[in-house]
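These notes are about the structure you will find just below.
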Amino acid sequence: MSRPRALENIRVVDFSWVRAGPWATRWLGAFGAEIIKIEWPENERGRLPSTTTPQTLEVNLNTSGNFNDTNVNKKSVTLNVRNLKGLEIAKRLIAISDIVIENFSSRVLQNWGLGYDELRKIKPDIVYVSMSGYGHTGRHHHYTTFGPVAQAVSGLTYLSGLPDKPPAGWGWSYMDDTGGMYGAMCALTGLYHRNLTGQGQHIDLSQMVSSVPLNGPALLDLTVNGRESRRAGYPPGNRAHWPGTPLVNNYRGPIVAPHNAYRTDPGEYNDWCVIVCHSDEEWQRLGQVMGAPRWATSPKFVTNSGRLQYQEELDRKIEAWSMTLGKYELTECCQSAGVRALPVQSAEDRVENDPQLRHREMYLAIEHPALGLQNVQNAPFKLSETPAWNHLPSPLIGQHTREIVEGLLGYSHEALCAGFADGTFWPTRRPRFPYIEEMLQ
Amino acid sequence: MSDVRPLPGPLTGLRILELANETGQFCGKLLGDLGADLVKIEPPGGEPNRHVGPFLDDLPHPERSLSFWYYNTSKRGITLNLETGDGRRFFRRLAATADVILETSRPGFLASLGLDYESLSSQNSRLIMCSLTPFGQTGPWRDYLSSDLLHMAAGGEMASSGYSEADVPNAPPIAPGGGNAWHMGGHFAYMAIMAALVYRTVAGRGQYIDASIHEACALTTEAAIANYVYRGEVLQRQTGRHHAASPTPRTQFRAKDGTYVCALVAGRLNPKYVGELAALLDTNGMAGDLKDPKYQDPAVIAANTSHIIDDLVANFIASLPAEEVYHAAQSRGFTWGAVRAPEALLGDPHLHDRGFWKEVEHPELGRSFVYPGEAAIYNGSPWRISRRAPLIGEHNAEIFCEELGLSRGELSVLAENRVI
């Protein structure tokens, strides 16, 4: 492909690890930026521990499937930034880069001597995005997060679940995904601003704080109306409203019924469909799809207020029908009649059974040196001039050390070998992968 | 005296037209709060989303929707009926000088009015247009109807979230609330728009973006896809914690006040951690046998994982209010948190230190209200809410008369003819 790239000639020094930071730089890479991932094999928390290594492979630094998906479009340099020589090399790299991004605790980069004041001396217009748990300012800046903790503290966990049960929460680190989004958004916004004004800046992103604005309407209901979320019927499961509780909005759109998940045939773990009717007309259409049973036109179900009042009975009757159909079949019957319905989809469903994702080429295979040819997730947007696409598999650890140190920074091959001997580019006592040995030939 | 002006936001100078319903208004807010001049174009009478609650004092009214207020800060508002010839003509004139158009109409609708990207960009080659729709512009589902709940089902969020069978038998998969499908779509659309803007600073040309909310949601389940692709695993839902191929120890514990604490312990239990854990539990006299030197042996720790988590940690958390556990743990370096309801955030001193909460004036009511603030602090070009959400057609005179040169009389004629 010779299409132009949106971030052609943009270089990113990526100190990030685990998930949120790498998920941010993955997208900058998909737009064509050169992502140089600085890693250290003794202190790596994105590659290991791995629960996504294929059963047929040994678990090591290069065989995590999730690492591969999270780190496509990047190059990897192993560099000990905690030693003076390593720090000097990092600075030379920063001097010829556009963006520095990291997701350590709040004072780590500063303690390395790479705080923003130092960075701007090295590269005056650098865009520096820090992605710490609580931000670099505020009294709890030293607190730490993983996605689930940010979700808990910000109120996101609480809004998921059935009333009178413990919070169901989010079954994954939503705020690692979303924190990653904000990291990329901040970097792109800072870059745009730099291109227009010539000014760099430090953008201080906090994973915990960035979760809070995702509760906007609930927070305004609190600050404007004084309504608290610890109340009867909240959170309302999958419903817009829990029967028998005060009729208030629960921040998931209009207060309507049906609005729920229903079992489908053959009743296995993920055999569910969600069905929502936003109006009486949509309900009438659902009645037709269900074969126009008499109960559907009975007075208690013809209006939305009736359906809300008799929601338990309504849901039982809908489920008696939904269990006669498979979830994809039910979806098609409903949607072709103008009724809102979609299947609950597992990962397997999305990769194998979703016709829309297949049509849009959501999963395309890339060859990885250790993992082989594997499906990788693609971008959810198609740009007409500068498409975002995955052009590189994730790097093996240190795969590009020579390319960057000699090729980009102009160090001699002898200097590279000396750096391997003195622990700048690889821990001296740690066995080296064959491709690292080759690099030193 | 020098005139000290506040720094402008990073997107200052951009003119963005938003033709968006509930699916795209959040993306518009993200752009507007960072300084873009965002003009929201609503149909005469206002966007249907104005009828979604909650409402100020629980009185339903299109100017009192708190949901609309929240998602439409920092925007000016005009009304325009694109299904009239005059409406289309004015839209074209606005598009001729716009930097970005963000639109969420059903695929093919704008083309049927002659307002697709090809036609609009022929008079403005720098124009970037982003169509953010439930399923994108192509494919077998492109005309399907959707809702936030539907996206959480098909995107995979529900398959991962819910309850362990032992906690709530026969529970359905649970869709986290709060409209997060729209957030997921909005974040990705914002990224794509910014990438196109950066490219335009170099290449001078705009482009068209076809963004899909379904794909955005399908991308937002962390390692679920990798678990399937690399290991063929389909994950099980667990109460208040990560999906998993086989059950993992709990991470959510009930505190003394009846609320919960998220305590990530399993997988971290090495001798050093156990020593620190014993010290934490000991602050409330709850260390039990954890100070016994036998716990310096990893094998003993492994054999007692359930005792440590389900007895000692659970009892410690049960002995204190959740907020106390949260701060005691974090100040000792434990990555734990209280599972808070939103009301607990208003008094959070850390958010206060970061100037997070913003007073937003509603001059038509003679009141101001507290709004949530920014995800990130832009030290060189601040985020700010420049105005509360627009009233219906509030800026019609500003845009149609002052910018497009209509007289007040002509404006009234447009209103009478339902063009605006």
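The values are calculated or read from the model by the stated rules, or taken from the named source; none is laboratory data. Because the structure is a prediction, the values reported are computed rather than measured. Ideal geometry is used to build each Cβ from the backbone, glycine not excepted, and the neighbour counts take in all protein chains shown.
Numbers for the structure displayed
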| item | result |
| --- | --- |
| In the stretch A:397-441, the residues that are under 17 Å from A:VAL81 (Cα atoms), touching a residue at least 60 places away in the same chain (Cβ under 8 Å) and buried (at least 19 other Cβ atoms within 10 Å of the Cβ) | A:ILE397, A:GLY398, A:HIS400, A:THR401, A:ILE404, A:VAL405, A:GLY419, A:THR424, A:PHE425, A:TRP426 |
| Residue in the stretch A:40-50 that is within 26 Å of A:LYS91 (Cα to Cα) and in a strand (DSSP E or B) present | no |
| Test: B:ARG106 is out of contact with any His (no Cβ under 7 Å at 6 or more places or on another chain), more than 8 Å from chain A (Cβ to nearest Cβ) and under 26 Å from B:ASN49 (Cα atoms) | yes |
| Residues within the stretch B:141-173 that are at the interface with chain A (Cβ under 8 Å from one of its Cβ atoms), among the hydrophobic types (A, V, I, L, M, F, W, C) and surrounded by fewer than 23 Cβ atoms within 10 Å (Cβ to Cβ), tallied | 3 |
| Test: A:GLU281 is of a type outside the set (S, T, N, Q), within 7 Å of chain B (Cβ to nearest Cβ) and free of Cβ contacts under 8 Å to residues at least 40 places away in the same chain | no |
| Number of the condition not met by B:HIS51 [criteria: (1) touching a residue at least 12 places away in the same chain (Cβ under 8 Å); (2) crowded, with 23+ Cβ neighbours inside 10 Å; (3) within 11 Å of chain A (Cβ to nearest Cβ)] | (2) |
| Subset of the stretch B:328-356 [among the hydroxyl-bearing types (Ser, Thr, Tyr) and assigned to a loop (DSSP other than H, G, I, E, B)] | B:THR335 |
| Members of the stretch B:386-420 that are in contact (Cβ under 8 Å) with a residue 12 or more places away in the chain, surrounded by fewer than 16 Cβ atoms within 10 Å (Cβ to Cβ) and of a type in the set (Lys, Arg) | B:ARG418 |
| Cβ pairs under 8 Å, 6+ apart, first in the stretch B:218-247 and facing another protein chain (nearest Cβ under 7 Å) and on the phi > 0 side of the Ramachandran plot, second of a type in the set (Lys, Arg) and surrounded by 24 or more Cβ atoms within 10 Å (Cβ to Cβ) | B:GLU222/A:ARG19 |
| Residue in the stretch B:346-369 that is surrounded by fewer than 21 Cβ atoms within 10 Å (Cβ to Cβ), at pLDDT 95 or above, under 18 Å from B:THR259 (Cβ atoms) and of a type outside the set (Lys, Arg) present | yes |
| Matching helices (runs of 4 or more DSSP H) fully within the stretch A:284-400 where at least 3 residues are under 30 Å from B:THR201 (Cα atoms) | none |
| Sole residue being facing chain B (nearest Cβ under 9 Å), acidic (Asp, Glu) and buried (at least 20 other Cβ atoms within 10 Å of the Cβ), chosen from A:ASP98, A:ASP177 | A:ASP177 |
| Number of the exception - B:TYR260 against (1) surrounded by 14 or more Cβ atoms within 10 Å (Cβ to Cβ); (2) free of Cβ contacts under 8 Å to residues at least 12 places away in the same chain | (2) |
| Candidates A:TYR435, A:TYR411, filtered to the one that is over 25 Å from the mean Cα position of the chain (by Cα) and either among the β-branched types (Val, Ile, Thr) or in a loop (DSSP other than H, G, I, E, B) (or both) | A:TYR411 |
| Residue that is out of contact with any strand residue (DSSP E or B) (no Cβ under 9 Å at 6 or more places or on another chain) and of a type outside the set (A, V, I, L, M), where the choices are B:ARG76, B:ARG126 | B:ARG126 |
| Of residues in the stretch A:210-249 being of a type in the set (A, V, I, L, M, F, W, C) and more than 7 Å from chain B (Cβ to nearest Cβ), the one nearest to B:GLY186 (Cα to Cα) | A:ALA240 |
| Residues of the stretch B:12-45 satisfying the condition of being part of a loop (DSSP other than H, G, I, E, B) and over 19 Å from the mean Cα position of the chain (by Cα) | B:THR12, B:GLY13, B:LEU14, B:PRO43, B:PRO44, B:GLY45 |
| Tally of residues being of a type outside the set (Lys, Arg), out of contact with any helix residue (DSSP H, G or I) (no Cβ under 6 Å at 6 or more places or on another chain) and without any contact (Cβ under 8 Å) to a residue 12 or more places away in the chain across the stretch A:358-385 | 5 |
| Residue identified as in contact (Cβ under 8 Å) with a residue 60 or more places away in the chain and either in contact with a helix residue (DSSP H, G or I) (Cβ under 6 Å, 6 or more places away or on another chain) or facing chain A (nearest Cβ under 8 Å) (or both) among B:THR138, B:THR201, B:THR133 | B:THR138 |
| Members of the stretch A:367-398 found to be closer than 21 Å to A:ILE35 by Cα, more than 8 Å from every other protein chain (Cβ to nearest Cβ) and over 20 Å from the mean Cα position of the chain (by Cα), listed by number | A:GLU367, A:HIS368, A:PRO369, A:ALA370, A:LEU396, A:ILE397, A:GLY398 |
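Condition check ((1) of a type in the set (A, V, I, L, M, F, W, C); (2) under 17 Å from A:GLY244 (Cβ atoms); (3) touching a Gly at 6+ places or on another chain (Cβ under 6 Å)) across all residues:
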site: A:GLY267; (1), (2), (3): no, no, no
site: A:ASP271; (1), (2), (3): no, no, no
site: A:VAL274; (1), (2), (3): yes, no, no
site: A:GLU281; (1), (2), (3): no, no, no
site: A:GLY287; (1), (2), (3): no, no, no
site: A:PRO293; (1), (2), (3): no, no, no
site: A:SER305; (1), (2), (3): no, yes, no
site: A:GLU312; (1), (2), (3): no, yes, no
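This table checks each residue for (1) closer than 16 Å to A:HIS141 by Cβ; (2) facing another protein chain (nearest Cβ under 8 Å); (3) free of Cβ contacts under 8 Å to residues at least 40 places away in the same chain.
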site	(1), (2), (3)
B:GLY337	yes, yes, no
B:LEU346	no, yes, yes
B:HIS350	yes, yes, yes
B:ARG354	yes, yes, yes
B:LYS358	no, no, yes
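Yes or no, residue by residue, for (1) among the charged types (D, E, K, R); (2) within 7 Å of chain B (Cβ to nearest Cβ); (3) buried (at least 24 other Cβ atoms within 10 Å of the Cβ); (4) in contact (Cβ under 8 Å) with a residue 12 or more places away in the chain:
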site: A:ILE122; (1), (2), (3), (4): no, no, no, yes
site: A:ASP125; (1), (2), (3), (4): yes, no, no, yes
site: A:MET131; (1), (2), (3), (4): no, no, yes, yes
site: A:THR137; (1), (2), (3), (4): no, yes, no, yes
site: A:ALA152; (1), (2), (3), (4): no, yes, yes, yes
site: A:TRP170; (1), (2), (3), (4): no, yes, yes, yes
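This table checks each residue for (1) over 18 Å from the mean Cα position of the chain (by Cα); (2) without any contact (Cβ under 8 Å) to a residue 12 or more places away in the chain; (3) within 30 Å of B:GLY204 (Cα to Cα).
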site: A:ARG3; (1), (2), (3): yes, no, yes
site: A:ASP14; (1), (2), (3): no, no, yes
site: A:TRP17; (1), (2), (3): no, no, no
site: A:ALA20; (1), (2), (3): no, no, no
site: A:TRP23; (1), (2), (3): no, no, yes
site: A:ILE38; (1), (2), (3): yes, no, no
site: A:PRO41; (1), (2), (3): yes, no, no
site: A:THR56; (1), (2), (3): yes, yes, no
site: A:THR63; (1), (2), (3): yes, no, no
